[in-house]
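Structure first, commentary second.
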Amino acid sequence: MSMKKSDLDKHLGKKLGGQMKTAGVPGRFAQGAGEMVDRREQRRRDAAAGLVPFACKLPSDLAATLRERGAAHAKGINALVEELLRKGLG
């Protein structure tokens with residue numbers, strides 16, 4: 001006895017569903033998820049490292065330039081701004 005196309009599709013769907021249920025948990029939800037820290041813990045780590053949040057308003061073109069150079073900088077935008085401030089103030 002042959003099956004209808006709809007029955008074949010239904011069985012294929014059940015097969016795929018079963019495969020998805022038995023598949024392992026991706027890394028972003030398993031071990032790697034524990035490495036993410038919440039904001040409070042991040043503030044504690046920053047304070048222990050002697051870092052203080054400092055907000056200021058900058059012209060949009062200067063902020064865009066900082067973002068571009070910060071993305072290319074090895075340690076990120078925070079290290080770039082620190083380096084530039086030390087050069088400017090030193």
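Any read-out appearing in this document is the output of simple, stated calculations on the displayed coordinates, not a laboratory observation. Here the structure is a predicted model, which means the values were calculated and not measured. No Cβ is skipped: glycine too gets one built from the backbone with ideal geometry, and neighbour counts run over all protein chains shown.
What is the angle, in °, between the Cα long axis of helix 5-22 and the longest principal axis of the Cα atoms in the chain? Nearest 10 is fine, range 0 to 90. Helix 5-22 sits at roughly 50 degrees to that axis.
Between the Cα long axis of helix 77-89 and the first principal axis of the chain there is an angle of about 10°, rounded to the nearest 10.
Label sites at ALA79 and SER60, each approximated as a point 7 angstrom past Cα along Cα to Cβ, lie 3.1 nm apart.
Each of LYS87 and VAL52 was given a label point 7 Å from its Cα along the Cα-to-Cβ line. The distance between the two points is 2.4 nm.
Taking label positions 7 Å along the Cα-Cβ direction at both ARG45 and SER2, the computed distance is 6.2 nm, reported to one decimal. Size estimate for the chain follows the Kirkwood approach: the inverse of mean 1/r over distinct Cα pairs works out to 18.7 Å. The listed peptides 48-54, 68-74, ordered by packing as a protection proxy, come out as 68-74, 48-54 (highest mean of other Cβ atoms within 10 Å first).
Ignoring everything except DSSP H segments at least 4 long, calculate the 222 nm mean residue ellipticity for the chain; use -39,500 (n - 2.57) per segment, divide by total residues, nearest 500. Let's see the in-between values first.
Numbers: 4 runs with 54 residues, N = 90.
Rounded to the nearest 500, the figure is -19000 deg cm²/dmol.
Taking 24 Å as the straight-line reach from the Cα of LYS21, the lysines in range (excluding those fewer than 8 positions away in the same chain) are LYS10.
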